[in-house]
1. Here is a check on your reading of the model: is residue 233 within 13 Å of the chain's Cα centre (by Cα) and surrounded by 13 or more Cβ atoms within 10 Å (Cβ to Cβ)?
2. Answer with yes or no whether residue 203 is part of a helix (DSSP H, G or I) and modelled with pLDDT under 95.
3. I'd like to know if the stretch 163-170 contains one or more residues that are in a loop (DSSP other than H, G, I, E, B) and buried (at least 20 other Cβ atoms within 10 Å of the Cβ).
4. Looking at 184, 190, 169, 198, which one is in contact with a helix residue (DSSP H, G or I) (Cβ under 6 Å, 6 or more places away or on another chain) and either in contact (Cβ under 8 Å) with a residue 24 or more places away in the chain or on the phi < 0 side of the Ramachandran plot (or both)?
5. Only one of 114, 155 is more than 30 Å from residue 24 (Cα to Cα) and assigned to a helix (DSSP H, G or I); which?
6. Considering only the stretch 89-106, state which residues are crowded, with 16+ Cβ neighbours inside 10 Å and farther than 20 Å from residue 222 by Cα.
C-alpha cells in the first residue's frame, strides 16, 4: 500500500517536483562513488533520465486524460524536456566541479610554493604583489563555483542544494585553505599600513557575484544544449552551444 501511495504521488509531480524528489532520494548526502555504485546495480530503464521520462509521460497523460491526443503528446514532450534539463543541470554542475578539483588542489600547492619563493627572492615586494594577484584571481574562480551552485539551486530547484557530498567537501576544504591565505595577506597589509591592498573588498565580492552569474549561464546553456540535442532539436541546441563557447571564452569564467 505504501508503494501504491508513493506511485500515485510520483505520477502527479511536476517536472521540477519530480527532479527535486529524485535528488532528495538519491543525491543528497551521497558521494559521486555512491551514485556510481547505485547505477551499476540497476538496469538502464531505472536510470534517472529514462525513469524521469517515463514518470513525466505517466503524470501528464493521467492529468490530461480524455483530452485531444496531439495536445497530450505535446505536453508530455515538454514535461520530459523540462525534467531532463533540470536533471542535466544538477549533474553537470557536480561533474564540472569534481572534474576540476585535482587541478584546483595543484594550484593551491603552487600558490604555497610561490609564496615561499617570494619570501626568499631579492625582489620580494614585487614577487609578493604578483603572488597576491594570483591568489585573488584563484579565489574569485573558486568562490564563484559555490556561489554559482547556490544560484542554480535558488533559481531552478526552489533553494535545494544540487551538490553531492564530496563536491561540497572539496569546495569547503579548498575554500578554507584560500581563506586562510587571504586572511594572512590582508592582516599583513593592515599591519604595514596598506589596507587598500587587502584582497577582501566590496569590489572583490562583486567580481565573485559577476563570475558566478556567468558560470551559472554556462551550466544552464550546456544542460539545455545537451537536452535539446538528445530530443532531436539540433538547431536549438546549436544556439545554446554557441552561448557555451562564448561563456567559456570570456575572461574569469
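The values are calculated or read from the model by the stated rules, or taken from the named source; none is laboratory data. Just so you know, these numbers come straight off a predicted model, no measurement behind them. Using ideal geometry, Cβ is built from the backbone for each residue, glycine included, and neighbour counts are taken over all protein chains shown.
1. Here the answer is no, as residue 233 does not meet what is asked.
2. For residue 203, the condition - part of a helix (DSSP H, G or I) and modelled with pLDDT under 95 - is not met.
3. Yes, the stretch 163-170 contains a residue that is in a loop (DSSP other than H, G, I, E, B) and buried (at least 20 other Cβ atoms within 10 Å of the Cβ).
4. One residue alone meets the criteria, 198.
5. 114
6. Scanning the stretch 89-106 gives a single hit, 104.
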